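Q: Quick one: the structure is below, and I'll ask about it shortly.
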Amino acid sequence: MDDLITFAIGDIHGCFDKLAKLVAACASAGTGRRTRFVFIGDYVDRGPDSSRVLAFLIDRQLREEDRFVCLRGNHDDLLIRAAREDRTDSDLINWWANGGEQTLDSYGVNDPCELPANHLAWLESLPLTFMDQQRIFVHAGIRPGVPIQDQTREDLLWIREPFLTSEVDHGAFVVHGHTPIQSMLPELRPNRLNLDTGACFGGALTAALFTSEARLPALFIDSDGRSWRPRGKRK
């Protein structure tokens, strides 16, 4: 039996302290088992420490590539576009208006072109999806009824409807973020799990623990030190 467990972690948005606490809590929960982390994007913008978040993830992925899977989010994509030499005014303004100012402050620069080249290159390298035998991990979601291989980049990064209200089985259980949950708790449905618990809006950063034996999460852990089983009480 495969003893690998996977921790999926929601939108970080520059909340480094919450990220560090959550990764440590997950590592403690996974003691004695092989562990993998899947981050579902949106590392930058809105929160105060985007530079520290990227430095941490880049370092851990370089040292433990097989254990740290990082996907691209729509905010990461907005930053990439804003930092390109051929950017438009719209590219720059759209990113800046969506929390980019906080990212610039965290790096102490005035233009996204001035961000460290290795940080921008790392963001450019990030995939849009990751799959295991029972799940697909993606930032925003997928378009119902469309095969995974035919999903558009726009949908994978930005979709809300008709994905969020769809009750169809997508073939694989979808683990995503992108849409902040008003309750600031993970939203578990039979066909999907939303892990955007609003870390940059005062909520905790949340992880879901998956085993190889079951499709649905076995445990939730957050950056406030709480853990609970699905539909159970937080401790």
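Q: Got at least one residue in the stretch 30-48 being buried (at least 16 other Cβ atoms within 10 Å of the Cβ) and at pLDDT below 95?
A: Yes; the residues of the stretch 30-48 include at least one that is buried (at least 16 other Cβ atoms within 10 Å of the Cβ) and at pLDDT below 95.
Q: I'm checking my understanding of the structure. Among residues of the stretch 145-168 that are surrounded by 12 or more Cβ atoms within 10 Å (Cβ to Cβ) and closer than 27 Å to residue 212 by Cα, which one is modelled with the lowest pLDDT?
A: 148
Q: Run residue 49 past the list (1) acidic (Asp, Glu); (2) farther than 28 Å from residue 219 by Cβ; (3) in contact with a helix residue (DSSP H, G or I) (Cβ under 9 Å, 6 or more places away or on another chain) and report the number of the one that doesn't hold.
A: Failing condition for residue 49: (2).
Q: Then there's this: Looking at the structure I just gave you, is residue 103 in the same structural domain as residue 69 (by TED's automatic domain parsing), surrounded by 21 or more Cβ atoms within 10 Å (Cβ to Cβ) and among the β-branched types (Val, Ile, Thr)? Please lay out each step first, then the result.
A: Values: in the same structural domain as residue 69 (by TED's automatic domain parsing): yes; surrounded by 21 or more Cβ atoms within 10 Å (Cβ to Cβ): yes; among the β-branched types (Val, Ile, Thr): yes.
Judged against the criteria, residue 103 is a match.
Q: What about residue 25, is it assigned to a helix (DSSP H, G or I), touching a helix residue (DSSP H, G or I) at 6+ places or on another chain (Cβ under 7 Å) and either closer than 26 Å to residue 210 by Cα or of a type in the set (A, V, I, L, M, F, W, C) (or both)? Explain how you work it out, then say what you get.
A: On the way: assigned to a helix (DSSP H, G or I): yes; touching a helix residue (DSSP H, G or I) at 6+ places or on another chain (Cβ under 7 Å): no; either closer than 26 Å to residue 210 by Cα or of a type in the set (A, V, I, L, M, F, W, C) (or both): yes.
The answer is no for residue 25.
Q: Could I ask something else about it? Restricted to the stretch 28-59, and to residues that are without any contact (Cβ under 8 Å) to a residue 12 or more places away in the chain and in a helix (DSSP H, G or I), which residue is farthest from residue 139 (Cα to Cα)? Quick ask: steps written out before the conclusion?
A: Residues of the stretch 28-59 without any contact (Cβ under 8 Å) to a residue 12 or more places away in the chain: 28, 31-32, 59.
If we keep only those that are in a helix (DSSP H, G or I) as well, we get 28, 59.
Numbers: 28: 26, 59: 21 Å.
Checking each candidate, the answer is 28.
Q: Next question, about the same structure. (1) surrounded by 12 or more Cβ atoms within 10 Å (Cβ to Cβ); (2) over 23 Å from residue 65 (Cα atoms); (3) of a type in the set (A, V, I, L, M, F, W, C): which one isn't true of residue 123, the others all being true?
A: (2)
The values are calculated or read from the model by the stated rules, or taken from the named source; none is laboratory data. This structure is a prediction, so every number in the text was calculated from the model and none was measured. Counting neighbours? That spans all protein chains shown, and the Cβs are built from the backbone with ideal geometry, glycine included.
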